[in-house]
Amino acid sequence: MHATWLGRLLAGLLIISLILAGCASQQATQHKAGGPATIRLSEVVHSVFYTPLYVALNKGFFQEENLNIEMSTAWGGDKAMTALVADQADIGLIGPETIIYTLQQGLDKKILCFAQLTQRDGSFLVGRPGQGFSWEGLQGKTIIGARKGGVPEMVLEYVLKQKGLKPLEDVKIIQNIQFTATAGAFQAGTGDYVALFEPTVSELEQAGAGQVVASLGVESGKIPYTVFMTSEDYINKNREAVLAFTRAIYRAQQWTVSQSVDEITDTILPSFQGSERAVVRKAVERYHQQESWAADPRMQPGGLDYLQSIIESAGELKQRIPEETMIRKDIAEEVMRAAGR
């Protein structure tokens, strides 16, 4: 595992656990008494990629399940996992690689995936306007990638390998630019290509500063890219709240995959204040067309094994972890049974 990622995670856990010692038992227990349960939700980043979540928020699906969602954006998988493990968040929307990393380090708190939200990588390879593209043409070029050890970077490297290229040898990859600064660095002239998520991709296109040349989500295939996770202890103490949360997400997933791009755009637009409707619409259209969103919360069978193959290919996996030790299947399965599925 990448030392920098682990160092940030462990340092954060140590500091926060000392601060929060004795306070960690405050959970969503009100749900059992009939009052609204407050769930602190930490999303890894804020992106149109997580559209079904914003649908559930903006269409009132959580409210209808008697839930009050307090949402925060961590801006990093290590930060989101730190918040979850240290009880600063109840549920995290994070890449499941974070569970693999914490298990490899033998951390005591058991964190489990209980619902899948996205089923593809959500990033796109963006080049300069008017620039021709072929995979073999990346030889000798520079790509602004992502943090070493993170799934966006590992998927990028995996796809390059599948196309016959050796990452960091045939293609230079910049890995030390902050997630929120990569688009700006590209606009300022750094690199030949950049890997970006929406809506940043469409914003760059609208500014005439870039063009999409490939979808890394399409090229890498289906993968449990972003999932909802929480501690086993939280589920055991707040099962009804977690079930209610998952029901709201399932309703949002079903609604999202069946609606038009315009309907989806208008629904999530309040979650992207400051973004132009045309930009958000283009982002929704791209993700909708390539089926980025899972249609239901059940974890994709074999998905975590495929993810571990990608991590292994990047040299970041010490040993494989059985899928079943990272998933709490009963929550999504109960929700699906109740829905007659």
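The values are calculated or read from the model by the stated rules, or taken from the named source; none is laboratory data. Everything quoted here is computed from the prediction, not taken from an experiment. With ideal geometry, Cβ positions are generated from the backbone for all residues, glycine too; neighbour counts draw on all protein chains shown.
Computed quantities for the displayed model
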read-out	value
Residue check for Phe245: among the aromatic types (Phe, Trp, Tyr) and assigned by TED's automatic domain parsing to the domain that holds Ala83	yes
Single match in Gly122, Gly137, Gly127, Gly145 (criterion: out of contact with any strand residue (DSSP E or B) (no Cβ under 6 Å at 6 or more places or on another chain) and of a type outside the set (A, V, I, L, M, F, W, C))	Gly137
Selected residue (criterion: surrounded by the fewest Cβ atoms within 10 Å (Cβ to Cβ)) from residues of segment 302-321 that are part of a loop (DSSP other than H, G, I, E, B) and in contact (Cβ under 8 Å) with a residue 12 or more places away in the chain	Gln319
Residue count, segment 99-158 (criterion: outside the structural domain of Ala83 (by TED's automatic domain parsing), among the β-branched types (Val, Ile, Thr) and over 14 Å from the mean Cα position of the chain (by Cα))	4
Inter-residue pairs, beta-carbon under 6 Å, first crowded, with 20+ Cβ neighbours inside 10 Å and in segment 322-338, second among the small types (Gly, Ala, Ser) and not in a helix (DSSP H, G or I), 6+ apart	Ala332/Ala115
Condition broken by Gly77, with the remaining ones in (1) touching a strand residue (DSSP E or B) at 6+ places or on another chain (Cβ under 6 Å); (2) at pLDDT below 95; (3) more than 13 Å from Glu43 (Cα to Cα) satisfied	(3)
Set Gly106, Gly130, Gly92: member being without any contact (Cβ under 8 Å) to a residue 12 or more places away in the chain, of a type outside the set (Val, Ile, Thr) and either crowded, with 16+ Cβ neighbours inside 10 Å or not in a helix (DSSP H, G or I) (or both)	Gly106
